[in-house]
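Below is one structure, written out as structure tokens; comments come after it.
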Amino acid sequence: MSSQKDEEMFSNPYFMECYHTPKTKEQKVNELRARQHHEEEISSLPMHEGWRYLPLRLYKGFWFPEIILPGVLSLRHHLRPTSSDTFLVSFPKSGTTWLKALAFAINTRNPDLLLSRHPQDCSPTLEGFFAGPNVPDLDALPSPRLLSTHIPYSVLPKSVHDSPCRIIYLCREPKDTLVSSYHFFGRIDRPEAAPQPMPFLEVVELFCMGLSMYGPIWEHQLEYWQVSQSQPDKVLFLKYEDMKADPEANVRRMAEFMGRPFSAEEEMNGMVGEIVRLCSFEKLSRLEVNKVGVRGKAFGFAVKNSSFFRNGKVGDWREHLTKEMAKKLDDITRARLYQSGLTYSNS
Ligand code: A3P
């Protein structure tokens, strides 16, 4: 039996099946024990109030939202990837919603499904999915599975490192990611949070110190970048800015990497252009299904479905950051990415 919290969290019909697999009494007891053990471990980790919306805990070198950490620890224990899985990974506010929509359209070859399905409902975000007391059964999802996460590469379970599953990582320039995060997290409606949003200057300071969800961003991106260089069959490293400049070429790269290249006939029929058009910011942000409703209730907050679409621009940081702020971020980026080969086109 799934708990009410799980049912609420996944009140969309697409992933509900994962909570309906029967479990023995012993399995349930073991899950409960593991959960208690995880909670004890989490309570001993260094904590920070974050941007005043969600407290953060430092785990294995990265700052995780405290309410998500039970899910991170649980999936490190339970996740069993298969060779046909594709993981969609990003630092928050890097264009995950877009990536999910594109991968879903490539997988199903039916982009019209997105007319009635929010991209966030196209692939479960694993750490949220596993954060409830009842461990979901991912085998109930149709194969090939699209599984999403913001977890850094080094924190992913060894089962993901060792499995022949694929990872698509979407990277976005840090200044734009920061601005997008500030707007998004400022819109979260959370009764327990401070009534006044944190001043932008303070948010910039914290971001620079790595104190943002899943931060520091530089190490997050670098880890996936390095694996994409040493194991190109394991990690496809995409950049938001490149996707905006040439979405069709990047959709073809995604499809090939996912083992679902477009046939000559699909190319002739304009399938790639159709996917790009339907997944464009302009199209998705205007769909009713993406304009109404909220999610996140099981975590005690409300995020509007429309908040995942702001303006989808490259270089929007110019409208928000002072010269000093931009320089500070660029200096950190230069130092952290020095000699890594990772660069951004719009900094
Ligand atoms: P902005 O806030 O800069 O507009 P995530 O999906 O990881 O939460 O990232 C959200 C960011 O991706 C937001 O950026 C959002 O507008 C942008 N985005 C959402 N859908 C998009 C799409 N189809 N194409 C391009 N950008 C998109």
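The values are calculated or read from the model by the stated rules, or taken from the named source; none is laboratory data. Source: prediction; values computed, not measured. Neighbour counts are summed over all protein chains in view; Cβ atoms, including those assigned to glycine, are modelled from backbone coordinates with ideal geometry. With ligands, DNA and RNA removed, areas are computed over all heavy atoms of the protein, side chains included. Shrake-Rupley method; radii C 1.70, N 1.55, O 1.52, S 1.80 Å.
Can you check what the net charge comes to around Leu146, using other residues whose Cβ is under 14 Å from the Cβ of Leu146 (Lys, Arg +1; Asp, Glu -1)? Can you show the working numbers first?
Values: positive: Lys100, Arg109, Arg117, Arg145, Arg166, Arg260; negative: Asp85, Asp121.
With Lys, Arg at +1 and Asp, Glu at -1, the net is +4.
Can you list the lysines whose alpha carbon is less than 20 Å from that of Lys175, not counting same-chain residues fewer than 8 positions off?
Lys93, Lys239, Lys244, Lys313, Lys323, Lys327, Lys328
When ranked by the protection proxy of mean other Cβ atoms within 10 Å per residue, highest first, what sequence do the peptides 268-276, 124-132 form? Present the calculation step by step, with values, prior to reporting the outcome.
Numbers: 268-276: 16.2, 124-132: 23.8.
For the peptides 268-276, 124-132, the packing ranking is 124-132, 268-276.
May I ask for the net charge around Glu202, where only other residues with Cβ less than 13 Å from the Cβ of Glu202 are counted and Lys, Arg are +1 while Asp, Glu are -1?
On the way: positive: Arg52; negative: Glu49, Glu205.
Residues close to Glu202 contribute a combined charge of -1.
If each residue of separation counts as 0.36 nm, what is the full-extension length gain between Thr343 and Lys327 once their alpha-carbon separation is subtracted? All intermediate terms of the calculation are to be shown ahead of the outcome.
Details: separation 16, 0.36 × 16 = 5.76 nm, distance 1.58 nm.
Extra length available between Thr343 and Lys327 comes to 4.2 nm.
Which percent of the accessible heavy-atom area of segment 3-336 goes to carbon and sulfur, probe 1.4 angstrom? Each step should come with its number before you reach the end.
Details: 7690 of 14630 Å².
Ligands and nucleic acids excluded, carbon and sulfur reach 53 percent.
Could you work out the local net charge near Arg57, counting Lys and Arg as +1, Asp and Glu as -1, over the other residues with Cβ closer than 12 Å to its Cβ? List each step's numbers first, then the result.
Numbers: positive: Lys60; negative: Glu39, Glu41, Glu49, Glu66.
Residues near Arg57 contribute -3 overall.
Which distance in nm do the two modelled labels at Leu201 and Ala249 give, with both placed 7 Å along the Cα-to-Cβ direction?
The two pseudo-label positions are separated by 4.2 nm.
Which lysines, on any chain, are close to Lys25 with Cα under 25 Å apart, when same-chain ones fewer than 8 places away are left out?
Cross-link targets: Lys5.
What whole-number value in Å² describes the accessible area per residue of the chain for a 1.4 Å probe?
Working: 15560 Å² over 347 residues.
On a per-residue basis, the chain sits at 45 Å².
I'd like to compare 202-214, 75-87, 162-174: which one has the highest average count of other Cβ atoms within 10 Å, and what's the full order after that? Before the final figure, lay out each step's value.
Working: 202-214: 19.6, 75-87: 18.1, 162-174: 21.3.
Descending mean neighbour count gives 162-174, 202-214, 75-87.
Going by average Cβ neighbours within 10 Å, how do the peptides 96-102, 226-232, 114-120, 142-148 rank, with the highest at the top?
On the way: 96-102: 25.6, 226-232: 14.1, 114-120: 19.0, 142-148: 17.3.
Put in order of decreasing packing, that is 96-102, 114-120, 142-148, 226-232.
Determine the calculated [θ] at 222 nm for the chain from helices alone, applying -39500 (n - 2.57) to every DSSP H run no shorter than 4 residues and normalising by the residue count; nearest 500 deg cm²/dmol.
On the way: 16 runs with 148 residues, N = 347.
It lands at -12000 deg cm²/dmol.
Name the residues of segment 99-139 whose amide N is less than 11 Å from a point 7 angstrom out from the Cα of Lys291 along the C-beta direction?
Answer for segment 99-139: none.
At what distance in nm do the modelled label points of Asp162 and Asp139 sit from each other, each positioned 7 Å from its Cα along Cα→Cβ?
Those two pseudo-labels are separated by 1.8 nm.
Based on DSSP, what percent of beta bridges with both residues in the chain are antiparallel, to the nearest 5? Mind showing how you got there, number by number?
Numbers: 10 of 25 bridges.
Of the beta bridges lying entirely in the chain, close to 40 percent run antiparallel.
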